[in-house]
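Okay, structure first, notes after.
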Amino acid sequence: MKKFILVTIGSFLGLQISAQSIQKVEMEMQSLSVEIADQELVKNNLKSPTAIPEAAGDTIWYEDFGGGIPAGWTLGGADVSDCPWKYSLVGGSGYFNGSYPAAADPMTSATAANGFLLCDPDSANQSLYGQPSGANYVYLESNITTAAIDLSAHPAVRLEFEQFFRYNNSPTLDVSVSTDGTNWTTFDAKGTVGANTASPDPMTFSMDVSSLVGGSSTAYVRIGWSARVYFWMIDDIRFVVPPANDQAMNQEYYNGYQDSTYSLYYKRIPVRHANMDTINFGGVMENVGSVDQTNSIITVDVDYNAANVYSQTSTPITNAVGGIDSVNITTPFYPNNGTGVYTVNFEVSSDSVDGSSFNNTILDSFAVTTNEYARDNGFLTNGNWYNATSDWEMLNLYEINEADTCAAISVRFPVFSSGRGLAEGDALSYYLYRDSDLENPVAKNEFHIVTAAEVDTWITLPMPVTTLTPGYYYAGFKIYNDNSAVASNGELNAKTPPFSVLVRVDATSASDQWSYTTSLTPFIRMYTSDPDACNGVVISVVDTVYDQQAIGAINIGVTGGTPGYSYSWTGPNGYASSAQNPDDIQNQGLYTVVVTDVFGCTGTKGITVAGIVTVNELGFDNSLSLFPNPNSGTFKLTASNVENGSYTMNVRNVLGQVILVKTISANGSISEDVNLSKVEKGVYFLEISNETGHKSVLKFIIE
């Protein structure tokens, strides 16, 4: 600004005066220059007329990769030829992406459209060793280093960039700075993101490096790793001016900072247990500015139905430069205002106005429900599983605050098309354990066979009625294969507290060891009892009757209530069945089905079978048999002590459609080979009748 003023004044005066007056004008200009400088020194409280202040957040140096990898940047690492850092352009010929789980989405940085950097070890392993993971997977070392960056005029600097990544095991995502390109100081960029979990997209890395490279004319940045990893994307690298006053809200707590198992609260909690619960808020603040922060506090506000129901602060402290301080709020909060959503805001502040407010708050929310416990937020972004070679189990921790019962457990699995979801026909068991005894479940529902309707959705199974006394319980599932995963969410996975999730792989005994994980929060929910669960619930049954055949069948469809359903059929002559679609109807008359959902809500319907259903009118002295059964479509029909004569054999499917008619001659016995090998798999009925119309029916299965 000074130079601009002086040049302008000089040019203007140069048009108004003679050459003889130049010396006088120059003296006046010098006087004016000193006066202007003195005024600005007073205004900015500067000691040197050459020091020009910079505002916090001002960009000192910036690279958005709009022109690809800049000149002078170098690639390094032992495996740089196999797995180099690459320029990635979305939709262009140079676009590369991470191969796990299939193809990672490109990062959504502010300038992703003009390109970003990518290191893709998973794809490199796949091309080198034929697989992206497994026994042949190797650790690949690769990095990229900037050219020298001149920060000589900037003693205070902060390094920032946007990133998106997923890694395996426990590597560091190395970000290093140096003033000579030889001696490096390294930071870990992954933060709290756990293994086998995608980071937020984008996720910001921000680190004050003033003491390391501030004021250097040859500052370097190196980014890279040596790890079993999937992908790492980087964009918008910059050095900015750090604010003097900058505090960050690092972590929230719901039972004081001393209890790390409550670094997250439930996402859903039943109202009767919320009414008995107590939340003791706490938090961790970090001073990432350049001066001490006096009277630093954490304030927690809770809103319910858009109205504030709680606002308290911690005791003020002085948070020194670089200080990470944990504090508690002494006044507890009771989430007993009723069902609905509670929004919780944690905010750090001090006497000074914060120069970078984006990191001052953590916003959270939870819902009080009628009878549902959950730790997940319902938004599936990941599918996680462990390196099991057979069965594996996983549990979520819940607290029962007053005597109750567990009505059901529900688990969400990834979509089947991802290759990690459950398929129709897979077996699944649900268990509920007391935390003090993880060998003997207090309730279980074992070996449920997944139906087509349960693929790609929540699978909810009822649990036997068992009284749960106050205390901690683990609810979860067991999968009987090594390739199915459980649903999770990357944002929550990065915050999973210890001991809230247990896992056991290759389990062969109830006494096998459990381990806890902090790398994911599975979508496992527990439903408690609810006396009003069935109010307003209508379960409807739509039926189709197949009774124009010797043995009848009834197919039903159910709507309303909460799947899965159980079925109870009754009918003539003491008939009873628990099948959804009974296919063994042998008598005409009224059949009644009671459908019960997971919470005990019921629907009832009476169905009349009025067709030609009849059986065993033709006497063969119980000698009529079909072997083998089940079969592959070929079998032998036999009978002894049979009256001589001609018999008709026909085969029908469950829809009553005739697929085979054949005449059989009997001379004291029947021995007939039947070939239906080209018929589709399923349930069939073989009917044999004589000339007078008497008949007998056998049911068989082709598989």
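Suppose every K and R has +1 on its Cβ and every D and E has -1 on its Cβ; what is the size of the dipole of segment 235-288 about the Cα centre, in Debye to the nearest 20?
340 debye
At a 1.4 Å probe, what is the % contribution of carbon and sulfur to the accessible area of segment 256-374?
With neighbouring chains kept in place, the figure for segment 256-374 is 48 percent.
Measuring from centroid to centroid over Cα atoms, what is the spacing of segment 467-500 and segment 561-606 in Å?
Using only Cα atoms to place each centre, the spacing works out to 34 Å.
Solvent-accessible area per residue for segment 624-693 at a 1.4 Å probe radius, Å²?
On a per-residue basis, segment 624-693 sits at 55 Å².
If I ignore ligands, DNA and RNA and count only protein heavy atoms, how much of L637 is accessible to a 1.4 Å probe, in Å² to the nearest 10?
Surface accessible to solvent at L637 totals approximately 0 Å².
What does the accessible area per residue of segment 271-352 come to in Å², with a 1.4 Å probe and no ligands, DNA or RNA counted?
Each residue of segment 271-352 exposes 43 Å² on average to a 1.4 Å probe.
Keeping every protein chain in place, order Y474, Y139 by accessible area at 1.4 Å, biggest value first, i.e. largest first.
The most accessible residue leads, giving Y139, Y474.
A 27 angstrom limit on the alpha carbon distance is what I want to check against. Which of K478/K681; K444/K495; K605/K678; K86/K190; K478/K605; K190/K444 exceed it?
Where the Cα-Cα span goes over 27 Å, the pairs concerned are K478/K681; K444/K495; K605/K678; K478/K605; K190/K444.
Compare M203, M463 by solvent-accessible area with a 1.4 Å probe and give them largest first, with all protein chains kept in place.
Ranking M203, M463 by accessible area, largest first, yields M203, M463.
Give me the accessible area of Y647, 1.4 Å probe, in Å² rounded to the nearest 10.
10 Å²
How large a share of the accessible area of segment 137-188, in percent, is made up of carbon and sulfur atoms when the probe is 1.4 Å and the other protein chains stay in place?
With neighbouring chains kept in place, the figure for segment 137-188 is 45 percent.
To the nearest 10 square angstrom, what accessible area does H448 show with a 1.4 Å probe?
Accessible surface of H448 is approximately 40 Å².
Quick one: Cα centre-to-centre distance for segment 398-416 and segment 329-394, in angstrom?
Answer, in whole Å: 18.
By a straight-distance test (C-alpha under 15 Å), which aspartates and glutamates pair with K662 as possible cross-link partners, with residues fewer than eight away in the same chain excluded?
Filter leaves E672, D673, E687, E691.
So which GluC sites (Glu not before Pro) in segment 661-693 end up in coil per DSSP with only 12 or fewer other C-beta atoms within 10 Å?
E680, E691
The values are calculated or read from the model by the stated rules, or taken from the named source; none is laboratory data. Values in this document were obtained by computation on a predicted structure and should not be read as measured data. Cβ atoms come from the backbone with ideal geometry, glycine included; neighbour counts cover every protein chain shown. These accessible areas exclude ligands, DNA and RNA; they are computed on the full protein's heavy atoms, side chains included. Shrake-Rupley method; radii C 1.70, N 1.55, O 1.52, S 1.80 Å.
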